[in-house]
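J.: Below you will find the structure I want to go over with you.
The values are calculated or read from the model by the stated rules, or taken from the named source; none is laboratory data. None of these values were measured; they are calculated from a predicted model. So basically every Cβ, Gly included, is an ideal-geometry build from the backbone, and we count neighbours across all protein chains shown. Please note that ligands, DNA and RNA were not included when accessible areas were found on the heavy atoms of the full protein model with its side chains. Shrake-Rupley method; radii C 1.70, N 1.55, O 1.52, S 1.80 Å.
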Amino acid sequence: MTNNDEDPEKSQLDSDYNNENQFEKNEEETEGVSTILGDPKKAIVKLSAPIMVSVVLASLNSLIDAIWIAGLGHEALAAMGFVTPLSMLLIGFSGGLSNGALSIISNFIGARDKKRADNAALHILLIMIIFTVAIMVSVGLFFKQILLTIGAGSTVELALQYGYVIIGGSIFMMFSTVAYGIMRAEGNVKKTMYAMSLAAIMNMILDPIFIYNLNMGISGASLATMLSLAAASFLMFYWFKKDTYLSLNLKNFKYSSKLVKKILSISIPSSTEYLIMSLLVGSMNIILVTVSGSEAVAVFSAGWNIALVSVILLAPIAISVVVVVGASIGAGKLENLNIVQNYSIKLGTLIAIVTAVITFIFAPYIAGLFTYSSGTAGLSGLLTEFLRVMTLYYIFVPIGSVASSIFLGIGKGLNYFMANVIRQLLLAVLFAYVLAITLGFGQEGVWWGIVIGNIFGSLISILWSKSYIRKLTTAKSTV
């Protein structure tokens, strides 16, 4: 009896390929591959550190844009806020494919099957190109109508100036996101750090030049971001040709419909994380327009960008969890799952507490970065209040994000999707609506709704993931 017959839940990836011709195995290892196949605790730390540097710098792109755009007035800042859900949707598919790469490629590497890992990476890039074209056309054709539907109103022209550049350069946004996932899946986190650092530094330099020196206004901010991502994309493309464990040579490509289905079964549910976030932002914008007006949207736009930068400190741990869990599943080391989950939550919570304390203390000064112009000076107090409320949000993020990442590493894309919907959308919108509109707390009700929804959602996610791990390990022990 095979392992898949005894325990069909143990490895969803392997079962999909039982009837296919197997590629010749190649057990050549790099430092990154050795890391993800070694001690799980050490792997989490070793992978997380470079990823933390890179994602923090990369997340500064939107934060830096918001700081410079704030100098154009609160309407420009609000316009950026209305484009945010759409840009998040735009990168959603590439983010999902990146997550698919983390799960599937690391699983093949854990099974020491390099050629299938190469083939999976090529399939993922092909799907990315197809989706990029489809998204550029569909979103571009209806962009103005979408903006008006979500309440852009008088800011619609500014939003169009900012957003059309984002749509036009989406190929670089999507390729870079997918490439990061492929490199991280092989444990090659240093190169992603270099590429993302390049993009962030370029954006810092180009933003003020394009926005003010060249008088391009809000469109200059999005152009600076796209050019920065283009530079990072070309750098990674060069590395794929010369210096990575995985080989993205077309001669390694062997089309597999089952592989495509497996990629999509993980990528589509996980890509909706960005859809979930865009729906959250869009829903909050609608509630805020109803209870307070465009100034509240401007506060939320700036404050949410700051919150995302703070939360991004925890993203490297979640990414590392997916890679290590995927490799452990491929290697048949199910005992690593509880170790990875418990250790990652402890590490993430420690980082979250430190971040929350720093944010609470320095909230007025952080708010000052976005309220230095005469058009935004009146928002300083409201933005400070938002930032301090969000410190409670930070503390529970590690519990929910690690729980979701466990599902993704195992290859259970639907479970990942449902956990994120509950934690990041349904409960947050429900509590925000009740507190802001039903109970009449206004925009403060929106802030607290996000926090309370995240707390309850994170607790549900962790209980669910622990139950699933227990099911897998129990099934293995009875074999």
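J.: Might you check whether a residue that is among the small types (Gly, Ala, Ser) and in a helix (DSSP H, G or I) occurs anywhere in the range 252-264? Spell out the reasoning first.
T.: Residues of the range 252-264 among the small types (Gly, Ala, Ser): 256-257.
Then drop every residue that is not in a helix (DSSP H, G or I), which leaves 257.
Within the range 252-264 (the criterion being among the small types (Gly, Ala, Ser) and in a helix (DSSP H, G or I)), the answer is yes, since at least one residue qualifies.
J.: Out of all the residues in the range 150-173, which are among the small types (Gly, Ala, Ser) and either in a helix (DSSP H, G or I) or open to solvent by 50 Å² or more (accessible area, probe 1.4 Å) (or both)?
T.: Answer for the range 150-173, where residues must be among the small types (Gly, Ala, Ser) and either in a helix (DSSP H, G or I) or open to solvent by 50 Å² or more (accessible area, probe 1.4 Å) (or both): Gly153, Ser154, Ala159, Gly163, Gly168, Ser170.
J.: Can you list residue pairs whose Cβ atoms sit under 8 Å apart, with the first residue in the range 376-398 being farther than 12 Å from Ile366 by Cα and the second being among the aromatic types (Phe, Trp, Tyr) and open to solvent by 20 Å² or more (accessible area, probe 1.4 Å)? Count only pairs 6 or more apart in sequence or on different chains.
T.: Val389/Trp448; Thr391/Phe360
J.: Condition first: open to solvent by 30 Å² or more (accessible area, probe 1.4 Å), at pLDDT below 85 and within 14 Å of Leu147 (Cα to Cα). Now tell me which residues in the range 271-287 satisfy that. Write out each step before concluding.
T.: Step one: filter the range 271-287 for residues open to solvent by 30 Å² or more (accessible area, probe 1.4 Å), giving 273-275, 279, 283, 286.
Restricting the remaining residues to those that are at pLDDT below 85 gives 273-275, 279.
Listed by number, the list holds a single entry, Leu279.
J.: Oh, and also: Return the pair list, or none, for Cβ contacts closer than 9 Å from residues in the range 67-96 that are closer than 19 Å to Leu288 by Cα and among the charged types (D, E, K, R) to residues that are open to solvent by 10 Å² or more (accessible area, probe 1.4 Å) and in a helix (DSSP H, G or I), at least 6 apart or on different chains.
T.: Glu75/Ser154; Glu75/Leu158; Glu75/Ser294
J.: Among the residues of the range 299-334 satisfying the criterion of being within 18 Å of Phe407 (Cβ to Cβ) and outside any helix (DSSP H, G or I), which is most open to solvent (accessible area, probe 1.4 Å)?
T.: Looking at the filtered set, the residue picked out is Lys333.
J.: Looking at this structure, is Phe93 in a helix (DSSP H, G or I), closer than 16 Å to Val281 by Cβ and of a type in the set (Phe, Trp, Tyr)? Show your work before the answer.
T.: Working: in a helix (DSSP H, G or I): yes; closer than 16 Å to Val281 by Cβ: no; of a type in the set (Phe, Trp, Tyr): yes.
Answer is no for this residue.
J.: For residues in the range 231-242 being out of contact with any Lys or Arg (no Cβ under 8 Å at 6 or more places or on another chain), touching a residue at least 24 places away in the same chain (Cβ under 8 Å) and not small (Gly, Ala, Ser), which is surrounded by the most Cβ atoms within 10 Å (Cβ to Cβ)? Spell out how you get there, then give the answer.
T.: Residues of the range 231-242 that are out of contact with any Lys or Arg (no Cβ under 8 Å at 6 or more places or on another chain), as a first pass: 231-235, 237-238, 240-242.
After this cut, where a residue has to be touching a residue at least 24 places away in the same chain (Cβ under 8 Å) as well, the list is 231-233, 235, 237, 240.
Right, trim to not small (Gly, Ala, Ser) and you get 235, 237, 240.
Working: Leu235: 16, Phe237: 14, Phe240: 18.
Filtering first and then ranking leaves Phe240.
J.: From the list Leu439, Leu425, which one is of a type outside the set (Val, Ile, Thr) and open to solvent by less than 50 Å² (accessible area, probe 1.4 Å)? Quick ask: steps written out before the conclusion?
T.: Numbers: Leu439 fails: open to solvent by less than 50 Å² (accessible area, probe 1.4 Å).
The unique qualifying residue is Leu425.
J.: Just the residues that are closer than 30 Å to Ala111 by Cβ, without any contact (Cβ under 8 Å) to a residue 12 or more places away in the chain and hydroxyl-bearing (Ser, Thr, Tyr), please, taken from the range 333-373.
T.: Those that are closer than 30 Å to Ala111 by Cβ, without any contact (Cβ under 8 Å) to a residue 12 or more places away in the chain and hydroxyl-bearing (Ser, Thr, Tyr): none in the range 333-373.
J.: Restricting the range 174-194 to residues that are crowded, with 24+ Cβ neighbours inside 10 Å and of a type in the set (A, V, I, L, M, F, W, C), which is nearest to Pro316 (Cα to Cα)?
T.: Here the answer is Val189.
J.: Please go through the range 288-298 and pick out each residue that is open to solvent by 10 Å² or more (accessible area, probe 1.4 Å) and either in contact (Cβ under 8 Å) with a residue 40 or more places away in the chain or more than 15 Å from Ala436 (Cα to Cα) (or both). Break it down stepwise before answering.
T.: Residues of the range 288-298 that are open to solvent by 10 Å² or more (accessible area, probe 1.4 Å), as a first pass: 289-295.
Of everything in the range 288-298, those that are open to solvent by 10 Å² or more (accessible area, probe 1.4 Å) and either in contact (Cβ under 8 Å) with a residue 40 or more places away in the chain or more than 15 Å from Ala436 (Cα to Cα) (or both) turn out to be Val289, Thr290, Val291, Ser292, Ser294, Glu295.
This table checks each residue for (1) of a type outside the set (Val, Ile, Thr); (2) open to solvent by less than 10 Å² (accessible area, probe 1.4 Å); (3) modelled with pLDDT of 90 or more; (4) not in a helix (DSSP H, G or I).
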| position | (1), (2), (3), (4) |
| --- | --- |
| Phe370 | yes, yes, no, yes |
| Ser373 | yes, no, no, yes |
| Ala403 | yes, yes, yes, no |
| Leu408 | yes, yes, no, no |
| Val429 | no, no, yes, no |
| Leu435 | yes, no, yes, no |
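J.: Also, quick follow-up: Which of the following residues is open to solvent by 70 Å² or more (accessible area, probe 1.4 Å) and among the charged types (D, E, K, R): Lys466, Lys471?
T.: So the residue among Lys466, Lys471 that is open to solvent by 70 Å² or more (accessible area, probe 1.4 Å) and among the charged types (D, E, K, R) is Lys471.
J.: Next question. Residues to consider are Leu141, Leu147, Leu126; find the one that is surrounded by 20 or more Cβ atoms within 10 Å (Cβ to Cβ) and over 18 Å from the mean Cα position of the chain (by Cα).
T.: Values: Leu141 fails: surrounded by 20 or more Cβ atoms within 10 Å (Cβ to Cβ); Leu126 fails: surrounded by 20 or more Cβ atoms within 10 Å (Cβ to Cβ).
Result: Leu147 is the single residue among Leu141, Leu147, Leu126 that is surrounded by 20 or more Cβ atoms within 10 Å (Cβ to Cβ) and over 18 Å from the mean Cα position of the chain (by Cα).
J.: So in the range 131-188, with the set limited to residues that are of a type in the set (Gly, Ala, Ser) and free of Cβ contacts under 8 Å to residues at least 60 places away in the same chain, which one is nearest to Gly409 (Cα to Cα)?
T.: First, the residues of the range 131-188 that are of a type in the set (Gly, Ala, Ser): 134, 138, 140, 151-154, 159, 163, 168-170, 176, 179, 181, 185, 187.
Right, trim to free of Cβ contacts under 8 Å to residues at least 60 places away in the same chain and you get 134, 138, 140, 168.
Numbers: Ala134: 28, Ser138: 31, Gly140: 34, Gly168: 32 Å.
Going through the qualifying residues, I end up with Ala134.
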